[in-house]
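Working notes, structure below.
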Amino acid sequence: MSLFTANTTKYMITTEQLKDIQERTAALHRYLDIPAKQMEYEEEQLRTQAPDFWEDAKRAEEQMKKVKSLQKWLNDYAEVRTLTDELATAFDFYREQLVTEQEVDDIYARCTAALEALELRNMLRQQEDPMDAVLKINSGAGGTEAQDWAEMLMRMYMRWAEQNGYRCVVSSLLEADDAGIKSCTLEIIGEYAYGYLKGENGVHRLVRVSPYNAQGKRMTSFASVFVTPLVDDTIDVNIEPARISWDTFRSSGAGGQNVNKVESGVRLRYQYKDPYTGEEEEILIENTETRDQPKNKENALRLLRSMLYDKELQHRMQEQAKVEAGKKKIEWGSQIRSYVFDDRRVKDHRTGHQTSDVTAVMDGKIDPFIKAYLMQFGGE
């Protein structure tokens, strides 16, 4: 999957640009330690050929996942290396008038896109970065206008997932009375979904002339986005069963009328006690993903594990911030981006990146914002 595309402006590259591409490709070879990855891939691949490999299906699945991940790193680097070599050859051929300027530019654009995508993924080095993501959206104060904004954000992230080859599952949806939604939880499933989306955490601000305001006034609405890694049972998370209680209810929404006949929806309440501060809070999770109540309970527990894992991550981030007090940090829950429809402007307040193509952004084309965030803060 290529998450980012290069600038398509037409130009004939210079010797310095070619040298820059070659140096960055060589640097990636060092950073990724390609020889070591190749050796590790061959060793892990050998393990899949054991006679009893498929006897433990769960273990086998994890092993295959590891092999595919290593293979993707090797394949993506091989693609970058091949394109870099093709670019150098085309550059030489252009001098001899064997290829056109357009052909050189096309190879340069493809090479730059592949190189940038791999460089960005190389920044995602935390244990949780390769995981699937849980993305929760809550409408802020402002009634129907804010609820409509929350639904627009839900569509934006669903479209982003679709465009980038991720699977998106709506695990819970609380619709508003008039229009829009009060909240929703999406599971974005695919490698590095969390790594790419973690910068979307925070408050998203909408400014527009509201269609729900009879006076046609310009209104400001807010919605919060909360992204956590979706952990599986290979990650050790401590859940105390005595702190769990359950409610059931009749689901509504995407399940249709049939789902309303039985109490398939589940509501999990967990009395969480912070092991570091002793503070207590109730974690509330609803799941209406399927018409099967036991399956929804299983999904709710999985989301609980993800939330508890994320709390531990936040504690580690806070501890790291104390050590590296001089570094700029992005606080969770801060206002991160403004979408000003009338002025045709979407601006990220952390990176300064902005665009006038509001329609494209709301249609899921948020890759430049993700890229700007990772380039500025990914290394931290």
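With unit charges on the beta carbons (Lys and Arg positive, Asp and Glu negative) and the dipole taken about the Cα centre of the chain, which residue among Leu98, Thr15, Ser210 sits farthest to the positive side? Going by the Cα projections, it comes out as Ser210. On a per residue basis, segment 49-122 carries 58 Å² of accessible surface, using protein heavy atoms and a 1.4 Å probe.
Roughly how big is the chain's charge dipole about its Cα centre, with Cβ charges of +1 (Lys, Arg) and -1 (Asp, Glu), in debye to the nearest 20? List each step's numbers first, then the result.
On the way: 51 positive and 65 negative charges, 222 e Å.
In total the dipole reaches around 1060 debye.
On the beta carbon distance between Ile283 and Arg59, with R0 = 25 Å, the FRET formula returns roughly 0.25. Here Thr14 and Leu74 are evaluated by their C-beta separation; at R0 = 35 Å the FRET efficiency comes out at 0.70. Taking the Cα centre of segment 202-247 as reference, the dipole from Cβ charges on Lys and Arg (+1) and Asp and Glu (-1) amounts to some 800 debye. Summarising the label geometry, the points placed 7 Å from Cα in the beta-carbon direction at Arg344 and Thr359 lie 1.0 nm from one another. When all protein chains stay in place and ligands, DNA and RNA are ignored, the 1.4 Å accessible-area order of Glu86, Glu162, largest first, is Glu162, Glu86.
On a 28 Å Cα-Cα criterion, which of the cross-link pairs Lys65/Lys311; Lys37/Lys311; Lys66/Lys371; Lys295/Lys371 come out too long? All intermediate terms of the calculation are to be shown ahead of the outcome.
On the way: Lys65/Lys311 26 Å; Lys37/Lys311 32 Å; Lys66/Lys371 25 Å; Lys295/Lys371 36 Å.
The answer is Lys37/Lys311; Lys295/Lys371.
The mean of 1/r over all pairs of different alpha-carbon atoms in the chain, once inverted, gives a Kirkwood hydrodynamic radius of 23.5 Å.
Residues considered: Met158, Met219, Met64. Largest GNM mean-square fluctuation over the chain, using C-alpha springs under 10 Å, is found at Met64. Rounded to the nearest 20 debye, the dipole size of segment 118-235 about its Cα centre is 560 debye, using +1 on the Cβ of Lys and Arg and -1 on the Cβ of Asp and Glu.
Between the Cα long axis of helix 293-323 and the first principal axis of the chain there is an angle of about 60°, rounded to the nearest 10. On a 0 to 90° scale, report how tilted helix 144-163 is relative to the longest principal axis of the chain, with both axes built from alpha carbons and the result rounded to the nearest 10. Once rounded, one gets 40 degrees. Taking the helices alone, the chain has a mean residue ellipticity at 222 nm of -15000 deg cm²/dmol, built from -39,500 (n - 2.57) per DSSP H run of at least 4 residues and averaged over all its residues. Taking all protein chains together and a 1.4 Å probe, the residues His349, His29, His204, His315 rank His349, His29, His315, His204 from largest to smallest accessible area.
The values are calculated or read from the model by the stated rules, or taken from the named source; none is laboratory data. Computed from a predicted structure; not experimentally measured. Positions of Cβ are generated from backbone atoms using ideal geometry, with glycine treated the same way; all protein chains shown enter the neighbour counts. When the accessible area is computed, the model is the full protein with side chains, heavy atoms only, and any ligands, DNA or RNA have been set aside. Shrake-Rupley method; radii C 1.70, N 1.55, O 1.52, S 1.80 Å.
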